[in-house]
Every structure is written in C-alpha cells, then in structure tokens.
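Chemist: My questions will all concern the structure given below.
The values are calculated or read from the model by the stated rules, or taken from the named source; none is laboratory data. Predicted model only: the values in this text are computed from it and were never measured. Here the Cβ positions follow ideal geometry from the backbone for every residue, glycine too, while neighbour counts run over all protein chains shown. Just so you know, the surface numbers come from the protein's heavy atoms only, side chains and all, with ligands and any DNA or RNA stripped out. Shrake-Rupley method; radii C 1.70, N 1.55, O 1.52, S 1.80 Å.
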Amino acid sequence: GRYGSGDHRTGIAGIFGTTKSEPELTDLLKNHHGYTALGLNDGEIEHLVKFVMQAQIDTSAIIETNRTFKGNVARGETLYKNGMGSNVGCATCHGNDGLTPPPGYPDFTEYPGLLSDSNPWEFQHKVRFGHPGTAMPSAWAGGASLQDVADVSAYSQTLPQAPPPPP
C-alpha cells in the first residue's frame, strides 16, 4: 500500500486480497493478533473485518501517479456543496472554500484543499469512511459510489490549501 515504503513505512505486509473467510479473519483478529487486548470490542472487530472484506480498494483506480484524482471536477463541486448519497455536503462543515473549521474544532488546519493535495490517499480514506472520533460522515455508509469520492476529491484539489495571510 501507500505506506509500504518511505517515511511512513509500517512494515506490515498488507491484507489486500486476503483469502480468509470472515469467521477466520474475526478469529485471527480477536484471538491471535491481540486486538481484544488492545481494547477493541466485538462490534469494532466486526467493523474492521467488514472493512477488510468489503471496503479495501486499489487506490490507483481513483488516484493518478501524479497524485491527482481521476474525477470530474464540476460534478465534484456539486457533490461537495450538496452531498453524496444520504450525507450532507462537505461545505456544510468545511465551507464553500474548504477553509471553515468544522463545528467544535476551532484549531482545524487539515483543510480539504491541503489534505487532498498533500496526501490524496489519506484524503480519500477520510471521505470514504469519515474521520475517527468526529461527526464527519462516511460516504461509503451513506451510499456514495467510489466515483462520487473521486469527483468530490478532484474538486477538493482545486480549493485553497490555507487561508490567505492576514494583511
């Protein structure tokens, strides 16, 4: 994956394309990998298994080697402002220009324009699954397609990366 080499290398071989069944994977995570001891409950392990079995993608399907998204910017703007699937639009919390801190996060600086450009792999993951511990909704759970994610992400790459400096 993206962190298979470089500064963020994890050393984990990867799980994309596992041949294990859901029960085998559940047993492996609960009883042999220590996830229960780390504090994950059965429901959280179930969600992790669901992600492994159903939601992993080859990100090259939506991200070019030059780090741009394979999406329609005009359609992405509509989705960003109006919503994807059953979710509200990104602009509801991030503003039309992507520079509004989401409610409850006044020190927010991971602007959609910045993150979509600097780390498109992390950005698509946050769009697809939300940001852990926040109210950011999951496009995947809301019924958005992978093309919807690519389109809204392509539009996000056109947004400013930071507020303009004060005069």
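Chemist: Which residue pairs have Cβ atoms under 6 Å apart, sit 6 or more places apart or on different chains, and have a first residue in segment 25-51 that is under 15 Å from Ile15 (Cα atoms) and a second that is among the polar types (S, T, N, Q) and in a helix (DSSP H, G or I)?
Modeler: Val49/Thr26
Chemist: Ok, one more. Which residue pairs have Cβ atoms closer than 6 Å, lie 6 or more positions apart in sequence or on different chains, and pair a first residue in segment 145-167 that is under 12 Å from Gln124 (Cα atoms) and among the acidic types (Asp, Glu) with a second residue that is assigned to a loop (DSSP other than H, G, I, E, B) and modelled with pLDDT under 95?
Modeler: That search, which allows pairs on different chains as well, returns Asp148/Met84.
Chemist: Only one residue in Leu48, Leu40 is open to solvent by less than 60 Å² (accessible area, probe 1.4 Å) and more than 16 Å from the chain's Cα centre (by Cα), so which one is that?
Modeler: Leu40
Chemist: Taking the stated definitions as given, is Leu159 farther than 18 Å from Arg75 by Cα and either outside any loop (DSSP other than H, G, I, E, B) or open to solvent by less than 50 Å² (accessible area, probe 1.4 Å) (or both)?
Modeler: It is false that Leu159 is farther than 18 Å from Arg75 by Cα and either outside any loop (DSSP other than H, G, I, E, B) or open to solvent by less than 50 Å² (accessible area, probe 1.4 Å) (or both).
Chemist: Find the residue count for segment 138-155, including only residues that are in contact with a Phe, Trp or Tyr (Cβ under 7 Å, 6 or more places away or on another chain) and either open to solvent by less than 60 Å² (accessible area, probe 1.4 Å) or at positive phi (or both).
Modeler: Total satisfying the criteria: 6.
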